[in-house]
Amino acid sequence: MGIQGRSGIGRKPNETMRLIITTFVGVIFGFFVGVSYPTTSLRKFHFPSSLVPSIDLSYLEDRNLGLSAQAQSQPSRPSVTVQNQSSTDQAQNLNNTSKIWVPTNPRGAERLPPGIIHSESDFYLHRLWGKPSEDLTIKPKYLVTFTVGYDLRKNIDAAVKKFSEDFTILLFHYDGRTSEWDEFEWSKRAIHISARKQTKWWYAKRFLHPDIVAPYDYIFIWDEDLGVEHFNAEEYLKLVKKHGLEISQPGLEPNKGLTWQMTKRRGNSEVHKRTEEKPGWCGSPLLPPCAAYGLTVILTANAHQISDECYNSIAFVTLLEKMVALTGLGSGIGSDNDLVHGWGIDFAVRKCVEPAHEKIGVVDAQWIVHQSVPSLGNQGEAKDGKTPWQGVRERCKKEWTMFQGRMAAAEKKYYRELGIDPPNSTTR
């Protein structure tokens, strides 16, 4: 009996220690199980007040939220699980007919209903108050842009006055001076875009996207050195429509150092579409510069008739130095977006309309004078002993060669992919 008593007494401390350890482990395990559950679960349990003392549940929830946020900020396996779950939910949403998914919408807008997507915009100025439907007393049908420097502001003022309220006025400022133009009343209702030392086609490729200019019937892109004493925009458009011209320009004063016979004004006609060029200058009477040319100074066109393919691939490839108006404008997206001058594009624009020799022409009855102010050349930089003007002109020539090569290569590739021999058709 003494042995049994000593044995029983010896086991009590061990059992007590085991009970303490078990209880401690249970408490720790219960704690971690508790914090792993959502905080809202505490509110789902209703304990009798006699069994549970007053506990501040908001403290526990705030603490759990803090732990949850800390856990989410750490890179861990649960975060991967959440990401995978999100991908799964997205896939399920796409298969759920109650979710909007329109693949024909613009990229990034597939989840929007088609009725809220509009493919076109405009340059119409709106008020900050009142009803949107009452903002515009008149919607201009035409757009005219000027690439300008402040030094020739009087020239631009005279040109703007040749355009009625049916024209939206847009100024591209290559010298960064914009606020000074407010000395002219019309400038306060014009749109001003400024980027230093850029060409008209740099602006056009970026701000005259086809979706923006689509509401306008005709678009003029003007230089700043034009004499417009004998020009009237409304009368000009009447002749363009009368003779079915989709691409056109006013005739040029014939005594101002022109190169091409095609662009010279004729005093005995309203419009001409063909000419007799200098010997050896013309490969065909239906090709530039004998016909389908009309791009030396001003080019206008019907925006709704020139194809998207044309103004994306040709009309916005480069800048034609003396071209001042073009419609059917495009974004210029592509490898030719790096070309900013336009020598040679006048030989390619005939590809924009068919038949070109009937739909491109020069309007003789409304004519202008090209003053040949070297504002573009003055924006260059003197380098290697060359004046700013010489550097600009050299790049013009280089880009002409680059443009011809790219166009010829693109045409060959196109016909090669079709499995046919390319015709003898290049940019010139």
Which residues, counting only those in the stretch 332-381, are at pLDDT 75 or above, surrounded by fewer than 23 Cβ atoms within 10 Å (Cβ to Cβ), farther than 30 Å from ASN268 by Cα and of a type in the set (A, V, I, L, M, F, W, C)?
-> VAL340
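Quick one: count up the residues across the stretch 132-152 that are free of Cβ contacts under 8 Å to residues at least 24 places away in the same chain and either in contact with a Cys (Cβ under 6 Å, 6 or more places away or on another chain) or β-branched (Val, Ile, Thr) (or both). Lay out the reasoning, then the answer.
As a first pass, look at the stretch 132-152 and keep what is free of Cβ contacts under 8 Å to residues at least 24 places away in the same chain: 132-137.
Next, only the ones that are either in contact with a Cys (Cβ under 6 Å, 6 or more places away or on another chain) or β-branched (Val, Ile, Thr) (or both) stay: 137.
Qualifying residue count, the stretch 132-152: 1.
Among the residues of the stretch 205-218, is there at least one that is touching a residue at least 40 places away in the same chain (Cβ under 8 Å), over 26 Å from SER164 (Cβ atoms) and not in a loop (DSSP other than H, G, I, E, B)? Can you show your working first?
So the first thing to find is which residues in the stretch 205-218 are touching a residue at least 40 places away in the same chain (Cβ under 8 Å), and the list is 205-206, 208-218.
With the extra rule that they be over 26 Å from SER164 (Cβ atoms), the set shrinks to 205-206.
Retained after the next criterion (residues that are not in a loop (DSSP other than H, G, I, E, B)): 205-206.
Yes, that holds for at least one residue.
Give the residue, chosen from GLN261, GLN198, that is touching a Ser or Thr at 6+ places or on another chain (Cβ under 7 Å) and part of a loop (DSSP other than H, G, I, E, B). Walk me through it before giving the result.
Numbers: GLN198 fails: touching a Ser or Thr at 6+ places or on another chain (Cβ under 7 Å).
Sole residue among the options that is touching a Ser or Thr at 6+ places or on another chain (Cβ under 7 Å) and part of a loop (DSSP other than H, G, I, E, B): GLN261.
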Residues being surrounded by 18 or more Cβ atoms within 10 Å (Cβ to Cβ), touching a residue at least 40 places away in the same chain (Cβ under 8 Å) and hydrophobic (A, V, I, L, M, F, W, C) - total across the stretch 153-190 | 5
Could you please tell me which pairs satisfy a Cβ distance under 6 Å, a separation of 6+ or placement on different chains, a first residue in the stretch 230-259 that is modelled with pLDDT under 90, and a second residue that is among the β-branched types (Val, Ile, Thr) and assigned to a helix (DSSP H, G or I)?
-> SER248/VAL240
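If the requirement is being at pLDDT 70 or above, of a type in the set (Val, Ile, Thr) and farther than 23 Å from PHE167 by Cβ, which of these qualifies: THR275, THR318? Can you show your working first?
Values: THR318 fails: at pLDDT 70 or above.
One residue alone meets the criteria, THR275.
Looking at the stretch 107-124, is at least one residue in a loop (DSSP other than H, G, I, E, B), more than 18 Å from the chain's Cα centre (by Cα) and under 30 Å from ARG196 (Cα atoms)?
Keep residues of the stretch 107-124 that are in a loop (DSSP other than H, G, I, E, B), which gives 107-113, 117-124.
Retained after the next criterion (residues that are more than 18 Å from the chain's Cα centre (by Cα)): 110-113.
When the remaining residues are screened for being under 30 Å from ARG196 (Cα atoms), the result is none.
No, the stretch 107-124 contains no residue that is in a loop (DSSP other than H, G, I, E, B), more than 18 Å from the chain's Cα centre (by Cα) and under 30 Å from ARG196 (Cα atoms).
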Selection from the stretch 235-265 of residues buried (at least 17 other Cβ atoms within 10 Å of the Cβ) and hydroxyl-bearing (Ser, Thr, Tyr) yields TYR236, SER248, THR263
In the stretch 219-238, which residues are assigned to a helix (DSSP H, G or I) and more than 19 Å from VAL369 (Cα to Cα)?
-> LYS238
Contact list, first residue from the stretch 406-428 and modelled with pLDDT of 85 or more, second anywhere and not in a helix (DSSP H, G or I), beta-carbon distance below 6 Å, six or more apart or interchain, is ALA408/THR426; GLU411/PRO422; LYS412/PRO422; TYR415/PRO422
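The values are calculated or read from the model by the stated rules, or taken from the named source; none is laboratory data. All values derive from a computational prediction rather than experimental measurement. Positions of Cβ are backbone-derived with ideal geometry, glycine not excepted, and every protein chain shown enters the neighbour counts.
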